[in-house]
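Some notes on the structure that comes next.
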Amino acid sequence: MAIEKKTKEAKQLPVRDLTICEATQQMLEKARLDGVETAFDRAANMKACPIGADSACCKHCMMGPCRLNAKDPYGKVGVCGATIDTIMARNFARMVAAGGAAHTDHGMSMLDLFREVVNGHIKDYTIKDPHKLESVAQSIGIETQDRTLKQIATDLYNELERTYTQVEGEIPFAKRVPEKTLENWRKRGVVPRGAMREIMELMHRTHMGVDQDYENITLQCSRTALADGWGGSMVATEISDILFGTPSPVGIEVNMGVLKENQVNIIVHGHEPNLFESMIESVNEPSLIKEAKAAGAMGINLVGMCCSGAEVLVRHAIPHAGNFMSTETVLVTGAVDAMCVDVQCIKQGLVKVAECYNTPLITTNPRCKIEGATHLNFEEHDPKACTDNVVIKAITRFKNRKAKIQIPRKVDIGVHGFSHEYINYMLGGSFRASYTPLNENIINGRIRGVAGVVGCTNPRTKQDWVHVELVKELIKNDVLVLQTGCSQIALAKAGLTTPEAAHLAGPGLKEVCETVGMPPVLGIGSCVDNSRILIAASEMVRTGGLGDTIADLPVAGCAPEYMSEKAICIGQYFVASGVFTVFGTTFPIIKETKFYKHLFQDLEKLGFGKWGFATSPYEIARLMIGHIDKKRIELGIDKARERVLMDMSDRRDIDAA
Ligand code: SF4
Ligand code: MSK
């Protein structure tokens with residue numbers, strides 16, 4: 001007998017509960033009227049699996065999958081006898097391996113491109129920043145005196161290739177790690193040899209029946225994550241700067257209002273700057289501009305999103321339409337004539353949304369094809385063959401626009417592009433370029449400490465809200481904030497990346513910002529550019545007065561709305577480097593287990609940093625500021641100062657600002 005099933009009504013939460021981004025709210029309302037579903041809707045209707053959220057299950061072999069009980073974690077073991085600590089540590093390790101692999105593969109692509117540019121096989125890209133080439137080469141001991149750029153670049157390529165392929169020894173950028181930090185890594189056996197080897201070994205160790213000691217697994221997690229932070233990601237950043245230019249402060253525009261109704265709008269979304277750089281060439285091609293005008297457009301408007309957008313935002317001030325959780329809703333404007341993607345953080349859900357608005361969704365990287373999207377392969381030997389074609393497709397769509405266009409009238413401004421080189425120059429001036437003024441201001445207490453607030457947005461957290469509230473709380477307490485990835489876009493939309501935002505900072509930080517003319521929140525690049533924060537931390541140690549290791553510094557990190565495995569890997573390399581790192585939203589671990597205690601307490605006793613977790617921005621701020629103050633006491637630079645607690649009227653003032 002047929003049983004009649006009741007179809008459950010899809011749950012729809014009020015848009016104000018989903019995001020504080022007004023443009024995204026408007027587009028979510030429109031999507032609902034248009035009958036279009038987004039990740040926000042799917043998250044509301046997909047309860048996160050509680051066993052997976054606790055990391056209490058294992059499917060590493062076919063005797064399982066095995067499911068343990070989070071409420072009684074030691075009451076049961078897997079069929080092979082694996083304990084909850086082994087299972088959680090292995091799951092965590094595989095996230096580190098996957099996240100590290102993503103950054104490492106990206107970095108290796110940049111290095112491949114560099115090699116082909118240096119040996120003259122690729123002519124469409126050149127070395128844009130020879131000074132950076134020399135300084136990176138010098139930092140790892142390559143002779144630059146009286147040598148040609150080609151000689152230096154060839155040596156640099158050969159050295160940096162070891163970051164990935166070396167099987168024994170230490171990765172080249174280990175030379176940049178403060179001496180005492182490196183000493184501790186050597187003592188613990190976590191100095192990376194080569195990224196491929198570390199990722200391979202971590203995958204091997206987490207196979208059924210290999211490493212079943214959570215502490216030992218965590219060591220290899222650290223070694224692999226460090227191969228990302230001080231290897232894969234750092235190479236990606238440095239080579240991108242050499243090829244495309246090192247960022248310095250630029251005035252920028254963000255939010256969906258950067259789309260133009262009367263122009264051909266093209267969005268680039270993903271992570272690798274080479275695609276975007278070629279797209280910049282294509283949209284400036286006179287024949288294509290002529291074609292766009294012949295189609296009735298006033299011009300071609302190139303816009304970034306996510307980390308691709310962050311790369312060119314800080315280098316060329318290309319406008320940015322929004323972060324990860326706005327990539328579907330931006331299509332709902334109907335104004336996007338093509339969305340072009342490469343790798344990482346590209347939701348499969350984009351295909352359906354793009355279809356609804358007749359927008360071509362174009363994949364370009366052989367690693368990332370999506371069923372239903374158009375694939376135009378991007379070849380660095382002839383990059384414009386792909387990007388010109390994207391422009392032509394966008395012009396065709398412009399000519400045949402059918403969708404009703406509604407662009408939110410929201411454009412925010414900011415100043416971004418604070419590479420660690422620029423921070424050096426900005427604080428020290430051209431005669432005294434150094435981190436000394438930063439360290440002095442930390443020692444004299446004007447700046448209480450430095451925080452890295454980074455990472456994604458996630459539909460399980462109100463978009464941008466935790467980022468913004470947390471950063472307001474930090475700067476109010478004189479903590480200088482450095483930002484990468486999608487987080488900096490949240491703060492730019494909230495108006496906190498302008499020098500004028502200094503009035504929201506505590507008195508000490510405000511004074512420094514006003515003297516230098518800088519914002520209290522410094523946007524420094526994409527998620528691979530977290531390596532810039534590592535270099536800044538190393539410079540602070542080297543400059544002196546703030547201890548001997550990164551773990552001594554009054555600094556803390558946070559990814560309050562993270563979602564990706566890359567973020568877990570980033571978190572682990574910050575922790576392994578010595579930084580207290582707090583994550584929000586969720587953490588795949590059961591409290592009151594040995595593995596939890598190991599990550600959240602014991603790593604610090606081994607000379608590393610440690611993990612923290614909280615979902616409230618105020619609690620995260622309390623944890624980070626508490627850690628910064630603890631470090632100030634240990635350094636003997638604590639002054640009688642109280643943390644400023646915001647009351648409701650303070651919050652109202654800030655909101656009104
Ligand atoms: Fe179960 Fe052990 Fe196999 Fe994991 S490795 S699925 S815990 S039997
Ligand atoms: S894009 S990893 S959502 S920061 Fe780098 Fe943004 Fe996170 Fe992707």
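Among the residues of the range 512-536, write down those that are part of a helix (DSSP H, G or I) and touching a residue at least 60 places away in the same chain (Cβ under 8 Å).
Listed by number, the residues that qualify are V512, V516, C527, V528, D529, N530, S531, R532, I533, L534, I535, A536.
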### Summary
The correct count of residues that are of a type in the set (A, V, I, L, M, F, W, C), over 23 Å from the mean Cα position of the chain (by Cα) and surrounded by 23 or more Cβ atoms within 10 Å (Cβ to Cβ) in the range 330-360 is 5
### Task
Determine, yes or no, whether D41 is away from ligand 2 (no atom under 16 Å from the Cβ), crowded, with 21+ Cβ neighbours inside 10 Å and farther than 16 Å from D213 by Cβ.
yes
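Residue-wise test of (1) in contact (Cβ under 8 Å) with a residue 24 or more places away in the chain; (2) in contact with an Asp or Glu (Cβ under 9 Å, 6 or more places away or on another chain); (3) within 16 Å of ligand 1 (Cβ to nearest atom); (4) under 19 Å from R223 (Cα atoms).
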position	(1), (2), (3), (4)
C569	yes, yes, no, yes
H598	yes, yes, no, yes
E619	no, no, no, no
L623	yes, no, no, no
### Message
Could you check the range 267-293 and list, in sequence order, the residues that are within 19 Å of K347 (Cβ to Cβ) and aliphatic (A, V, I, L, M)?
### Response
I267, V268, L275
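Given the structure, is I127 over 21 Å from P247 (Cα atoms) and of a type in the set (A, V, I, L, M, F, W, C)?
So I127 fails the test.
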### Message
Restricting to the range 224-251, and then to whatever is of a type in the set (A, V, I, L, M) and surrounded by fewer than 24 Cβ atoms within 10 Å (Cβ to Cβ), can you tell me which residue is modelled with the lowest pLDDT?
### Response
V250
### Message
Can you tell me which condition T436 does not meet? The list is (1) modelled with pLDDT of 95 or more; (2) β-branched (V, I, T); (3) away from ligand 2 (no atom under 16 Å from the Cβ), and all the others hold.
### Response
(1)
### Summary
When restricted to A23, A56, A31, the only residue at pLDDT 95 or above, closer than 28 Å to E272 by Cα and not aromatic (F, W, Y) is A23
### Message
Just the residues that are within 16 Å of ligand 2 (Cβ to nearest atom) and of a type in the set (A, V, I, L, M), please, taken from the range 98-129.
### Response
A98, A101, A102, M110
## Note on the structure
Filtering helices (runs of 4 or more DSSP H) wholly in the range 394-508 for at least 3 residues that are under 30 Å from E565 (Cβ atoms) gives 420-428, 465-476, 485-493
### Summary
Within the range 562-605, restricting to residues that are assigned to a loop (DSSP other than H, G, I, E, B) and among the polar types (S, T, N, Q), the one that is nearest to ligand 2 (Cβ to nearest atom) is S564
### Query
So which residues in the range 48-60 are crowded, with 17+ Cβ neighbours inside 10 Å and either among the aromatic types (F, W, Y) or within 10 Å of ligand 1 (Cβ to nearest atom) (or both)?
C57, C58, H60
### Message
Condition (residue is near ligand 1 (Cβ under 10 Å from one of its atoms), part of a helix (DSSP H, G or I), touching a residue at least 24 places away in the same chain (Cβ under 8 Å) and among the hydrophobic types (A, V, I, L, M, F, W, C)) applied to the range 61-74: is it met by at least one residue?
### Response
no
### Task
Identify the single condition in (1) surrounded by fewer than 21 Cβ atoms within 10 Å (Cβ to Cβ); (2) under 24 Å from the mean Cα position of the chain (by Cα) that G544 does not satisfy, given that it satisfies every other one.
(2)
### Query
Just wondering, is there one or more residues in the range 547-555 that are at pLDDT 95 or above, under 28 Å from G495 (Cβ atoms), more than 16 Å from ligand 1 (Cβ to nearest atom) and crowded, with 24+ Cβ neighbours inside 10 Å?
yes
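Restrict the check to the range 176-183 and report whether at least one residue is loosely packed, with under 14 Cβ neighbours inside 10 Å, in contact (Cβ under 8 Å) with a residue 60 or more places away in the chain, assigned by TED's automatic domain parsing to the domain that holds V235 and more than 27 Å from R542 (Cβ to Cβ).
Checked against the condition, which is being loosely packed, with under 14 Cβ neighbours inside 10 Å, in contact (Cβ under 8 Å) with a residue 60 or more places away in the chain, assigned by TED's automatic domain parsing to the domain that holds V235 and more than 27 Å from R542 (Cβ to Cβ), the range 176-183 yields no hits at all.
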### Query
Of all helices (runs of 4 or more DSSP H) completely enclosed by the range 171-232, which ones contain at least 3 residues that are under 30 Å from M63 (Cα atoms) and either out of contact with any Lys or Arg (no Cβ under 9 Å at 6 or more places or on another chain) or of a type in the set (S, T, Y) (or both)?
195-205, 214-227
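The values are calculated or read from the model by the stated rules, or taken from the named source; none is laboratory data. Fair warning: this is a prediction, and the values are worked out from it, not measured in the lab. Backbone-built Cβ (ideal geometry, glycine too); neighbour counts: all protein chains shown.
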